[in-house]
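For reference, the structure discussed in these notes is given below.
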Amino acid sequence: MRSSGLGSPDGLEERFDRKATRELFRAYAKTRDPKIRDELVIAHLNLARYLAVRFANRGEQLDDLISVGTVGLIKAIDRFDAERGVEFTTYATPTIIGELKRHFRDKGWAIRVPRRLQELNLAVNRTLESATQELGRAPTVKDLAQRLEASEEEIIEAQELGHVYNVLSLDAELAASGEPGAATLLDHLGRNDPALRLLEDKANLENAIGALNRRERIVVFLRFFESMPQAEVARRLGVSQMHVSRLQQRALDKLRSRLKED
């Protein structure tokens, strides 16, 4: 009798033999009967559990990981073609692992970010090092856009996503590590904030910025929120400093006009 333990994915189809399982897949492919899918999920649940255990040392509850793995299992069941001669466990394993990896990747972002931009952010980070070695200098936004077949605006947006990755804990110390009695973020909550008086001005400014086009918003952000010199903005955008100056002036004129209206 085959073991049903978690030590190996082999022999995980303990409830059905291979022939019966393949027949179930054929029946599900024809009918899409949810009851048949439920049987297939139960039959292969140990595979999801086995793969989830491999990710259990990353700070997540095992039950949560099994749930994520089960989602991958269901996706694999829905896509599996029993006529291709591939064992289901072989087919399903990369799908389940992919679902588990996406879970950890998505969970790391402080706010919900479109997956396309998350993937582009990772691609930019990977390309930076190789492009620097190849070019003998830091790559411009234009260099990265050409290598990744993306627009320059998408590259800049992807680079700025790093600021929303991994939120600090409220218990995080603000002073140097190991300093006794270091203040935490929580110590600064609940106090009177004089900046509250500026909320209306900030709201008006946000509305005004919404009137700018994408390139103008990027220039304003880099120049006035990141305090980046025009020359550096020009380098990152792959344009001349004169062009950045014109974009900046045009954006400021629009902002002044919109703020006067408010």
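Throughout, read-outs are computed from the coordinates displayed, never taken from laboratory work. In this text, all values refer to a predicted model and were calculated from it rather than measured experimentally. Note that we place each Cβ from the backbone using ideal geometry, even for glycine, and neighbour counts take in every protein chain shown.
Quick rundown of the values:
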{"item": "Computed label-point distance, nm, for sites ARG18 and VAL71 using a 7 Å Cα→Cβ extension", "result": "3.2"}
{"item": "Spacing of the two label points (7 Å from each Cα toward its C-beta) at GLU261 and GLU129, in nm", "result": "4.8"}
{"item": "GLU153-ALA231 pseudo-label distance in nm [points 7 Å out on the Cα-to-Cβ vector]", "result": "2.9"}
{"item": "Debye equation applied to the C-alpha atoms of the stretch 196-262, log10 I(q)/I(0) at 0.15, 0.26, 0.27 Å⁻¹", "result": "-0.48, -1.10, -1.15"}
{"item": "Dipole in debye (nearest 20) - the stretch 196-262, about Cα centre, beta carbon charges: Lys, Arg +1; Asp, Glu -1", "result": "260"}
{"item": "Mean Cβ neighbour count within 10 Å, used as a protection proxy, ranking 32-38, 86-92, 48-54 highest first", "result": "48-54, 86-92, 32-38"}
{"item": "Mean Cβ count within 10 Å, highest first, over the residues of peptides 248-257, 130-139, 67-76", "result": "67-76, 248-257, 130-139"}
{"item": "Calculated P(r) tail over 15 Å for the stretch 18-107, as whole % of Cα pairs", "result": "55"}
{"item": "Cross-link pairs LYS142/LYS260; LYS30/LYS101; LYS35/LYS101; LYS19/LYS75 - those with Cα-Cα distance over 24 Å", "result": "LYS142/LYS260; LYS30/LYS101; LYS35/LYS101"}
